[in-house]
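Only one structure is covered here, and it is reproduced in the block below.
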C-alpha cells in the first residue's frame, strides 16, 4: 500500500485495489488477520493537563506579560487608574483563554 497516495484523487476501484478490499468490505478472516497485525482501530486518549498548568500557560503569553509590565509601570508612575484598567484587561484575557482551553480539553 502506498502511504503517500493522495486518496482523494483515486477512483473507487484504485483505492479498493490499494487497500486490498472490495465494495463488500473485508471478509471475516481478512478482518481478523488485519486486527491481529495492526491492532484495533482506536484513538488513544492523551492525558489531560491540570487546570493550574493551563492557567500558568496563559500567564506565559507574550501579550499578557507586556500588559502586566505596562500595568506595573503605570502604577510605578502613579497612574493608578490606567494601571488598574490594564491589569483588568490582562486578567480578562487570561481568564478567557483559560476557560476556552479548559472546556476544549473537556470536549476532547
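The angle between the Cα long axis of helix 62-76 and the longest principal axis of the Cα atoms of the chain comes to about 10 degrees, rounded to the nearest 10. With contacts taken as Cα pairs under 8 Å and at least 6 residues apart, the chain reaches a relative contact order of 21 percent.
Using a cut-off of under 16 Å, list every residue of the stretch 34-58 whose amide N is near the label point 7 Å from the Cα of residue 20 along the Cα-to-beta-carbon line. Only 34-39 fall inside the zone, counting backbone N under 16 Å.
In this simple spin-label approximation, residue 68 and residue 107 carry label points 7 Å from Cα along the Cα→Cβ vector, and these lie 2.8 nm apart.
Length gained on full extension, residue 61 to residue 48: 2.7 nm, using 0.36 nm per residue less the C-alpha separation. Above 16 Å, the calculated P(r) of the stretch 51-107 contains 45 percent of its Cα-Cα pairs.
The base-10 log of I(q)/I(0) for the chain, evaluated at q = 0.10, 0.18, 0.24 Å⁻¹, reads -0.60, -0.93, -1.23 [Debye formula, identical scatterers on Cα atoms, solvent excluded].
Every number here is computed from the coordinates shown, using simple stated rules; none is lab data. What you are looking at is a predicted structure, and each value in this text was computed from that prediction instead of being measured. Backbone-built Cβ (ideal geometry, glycine too); neighbour counts: all protein chains shown.
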